[in-house]
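The values are calculated or read from the model by the stated rules, or taken from the named source; none is laboratory data. Since the structure is predicted, the reported quantities are computational estimates derived from the model, not experimental observations. FYI the Cβ positions are ideal-geometry reconstructions off the backbone, even for glycines, and counts take in every protein chain you see. Just so you know, the surface numbers come from the protein's heavy atoms only, side chains and all, with ligands and any DNA or RNA stripped out. Shrake-Rupley method; radii C 1.70, N 1.55, O 1.52, S 1.80 Å.
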Amino acid sequence: MLKAGLIGLGKMGLSHQAIVNAHPGIQLTSVCDASGYVLDVLARHTGVHPYTDYREMLEREPLDCVFVATPSRSHAEIVEAALNRGLHVFCEKPFVLEPAVGYRLADLAERKGLVNQVGYHYRFVAAFREARRLLGLGLIGEIHHIRAEAYGPVVLRPKGSTWRSQKTEGGGCLFDYSCHAIDVLNYLVGCPIAVSGTVLNSVFSSGVDDEIYSTLHFPGGVSGQLSTNWSDESFRKMSLRISIWGRNGRINVDRQEIQTYVRKLPAPVENFTEGWNIRYTTELTEPVWFYMRGEEYSAQVDHFVEAIKAGRPTISSFRSASDTDRVAEMMIEDAARPRTQIAVGAGAVPLPVRTARPSGGVRGFVQLLFGSR
């Protein structure tokens, strides 16, 4: 049985605590957090060893692996310390704030032969995994356009500062929402090589972005669009949807279902016909031993454990997470570039102001175009 430590007991940390504590292949022996109250409760009711300093925990505890669920700014130093002690590491997303640091940590983990994983749980949602399988079969043909959308009701009014509202802590819609969408695109079709027209806009927040829009450019001339907004109260919770167009059809996929339109089947595919095919996550999802927020959260932890046992890489590694961070960095750089503006002044022709609705017919159409004389 693997002995594990957990660093960070916020929302995601406590979720991991419940999942890891219930996993048949892991013994959670120690936890670390700045909150004495949370540590005291867990120590009294679960028997784990409590620490307020992760360095002390790593030094004193005989661990096989560690789960890191602290704010992003501290990920790099904690992950590096764990890797240098020969521990396998599961780290929450976003991985790090500087892609160069992420790639360095990926190199370190690979050099030491240590299993590494980042908590991009959408890679473990059955509908997205099915989309990847169908794309691998070439079912919709050569891809020419992709759209990724993520919306939800996180920031709906101006409010005080938290770590999520500080760029230095890895907050903002870009890191909480867009990175999930970018990572799923990387998983399904590969990493964009360039971005353009990026908009990072604040709706209610003062220190970070609440909505992000960008054009993505992939190898071979494939284009993409990204649209994310965490200030959209028309959604009850985060909703992530990917649409992919190919020469032979299209795929629409979210957490609930995958819709596939096929013009012509390139080869017989079980349970598929030409035209629309719909499969639901409930029929695609494999059961897990413990349900917490969604099967994918337990599935990703089990994937990490099985990778350690088998000595194989994970499907959501430090390197793939650093690719996602790199795309986010490109978007930040792109949004800061000067934009070409339409000059208003000498030579500019202002649009005519309409005070009355033009009459119908050809005469009305001419009036609409050129104005009355």
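Structure values in brief
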| item | result |
| --- | --- |
| Single residue of Gly197, Gly224 found to be within 29 Å of Thr273 (Cβ to Cβ), of a type in the set (Gly, Ala, Ser), modelled with pLDDT of 95 or more and part of a strand (DSSP E or B) | Gly224 |
| The one condition in (1) within 29 Å of Tyr213 (Cα to Cα); (2) basic (Lys, Arg); (3) at pLDDT 95 or above; (4) touching a strand residue (DSSP E or B) at 6+ places or on another chain (Cβ under 9 Å) that Arg326 fails to fulfil | (4) |
| Condition check for Ala109: buried (at least 19 other Cβ atoms within 10 Å of the Cβ), touching a residue at least 60 places away in the same chain (Cβ under 8 Å) and in contact with a Ser or Thr (Cβ under 7 Å, 6 or more places away or on another chain) | no |
| Residue list for the stretch 254-273, restricted to those being open to solvent by 60 Å² or more (accessible area, probe 1.4 Å) and among the β-branched types (Val, Ile, Thr) | Thr273 |
| Failed criterion for Trp276 (all others in (1) open to solvent by less than 50 Å² (accessible area, probe 1.4 Å); (2) of a type in the set (A, V, I, L, M, F, W, C); (3) modelled with pLDDT of 95 or more hold) | (1) |
| Unmet requirement for His49, which otherwise passes all of (1) surrounded by 14 or more Cβ atoms within 10 Å (Cβ to Cβ); (2) more than 25 Å from Asn186 (Cα to Cα); (3) modelled with pLDDT under 95 | (3) |
| Residue in the stretch 69-80 that is of a type in the set (D, E, K, R), closer than 23 Å to Ala18 by Cβ and surrounded by fewer than 23 Cβ atoms within 10 Å (Cβ to Cβ) present | no |
| The stretch 142-168, subset surrounded by fewer than 17 Cβ atoms within 10 Å (Cβ to Cβ), touching a Ser or Thr at 6+ places or on another chain (Cβ under 8 Å) and at pLDDT 95 or above, residue nearest to Val184 (Cα to Cα) | His145 |
| Test: residue in the stretch 51-70 that is closer than 24 Å to Val96 by Cα, among the β-branched types (Val, Ile, Thr), in a strand (DSSP E or B) and in contact with an Asp or Glu (Cβ under 9 Å, 6 or more places away or on another chain) | yes |
| Test: residue in the stretch 240-253 that is hydroxyl-bearing (Ser, Thr, Tyr), under 17 Å from the mean Cα position of the chain (by Cα) and either surrounded by 21 or more Cβ atoms within 10 Å (Cβ to Cβ) or at pLDDT 95 or above (or both) | yes |
| Pairs where the first residue, in the stretch 330-348, is closer than 16 Å to Tyr213 by Cβ and modelled with pLDDT of 90 or more and the second is in a helix (DSSP H, G or I) and open to solvent by 80 Å² or more (accessible area, probe 1.4 Å), C-beta under 8 Å, 6+ apart | none |
| The stretch 88-97, residues that are assigned to a loop (DSSP other than H, G, I, E, B) and either charged (D, E, K, R) or open to solvent by less than 10 Å² (accessible area, probe 1.4 Å) (or both) | Glu92, Lys93, Pro94, Phe95, Val96 |
| Matching residues, the stretch 89-110, being under 20 Å from the mean Cα position of the chain (by Cα) and more than 19 Å from His16 (Cβ to Cβ) | Leu97, Glu98, Pro99, Ala100, Val101, Gly102, Tyr103, Leu105, Ala106 |
| Residue match in the stretch 284-307 (condition: open to solvent by 60 Å² or more (accessible area, probe 1.4 Å), at pLDDT 95 or above and either of a type in the set (Phe, Trp, Tyr) or in a strand (DSSP E or B) (or both)) | no |
| Test set (1) within 23 Å of Arg123 (Cα to Cα); (2) assigned to a strand (DSSP E or B) - Trp276 fails condition number | (1) |
| Residue that is nearest to Ala148 (Cα to Cα) [pool: residues in the stretch 173-214 that are without any contact (Cβ under 8 Å) to a residue 40 or more places away in the chain and over 17 Å from the mean Cα position of the chain (by Cα)] | Ile193 |
| Answer residue from the stretch 19-46, given it is surrounded by fewer than 17 Cβ atoms within 10 Å (Cβ to Cβ) and among the small types (Gly, Ala, Ser) and is nearest to Leu63 (Cα to Cα) among those | Gly25 |
| Residue check for Ala43: farther than 17 Å from Leu87 by Cβ and either modelled with pLDDT of 95 or more or not basic (Lys, Arg) (or both) | yes |
| Glu92 being in contact with a helix residue (DSSP H, G or I) (Cβ under 9 Å, 6 or more places away or on another chain), charged (D, E, K, R) and in contact (Cβ under 8 Å) with a residue 24 or more places away in the chain | yes |
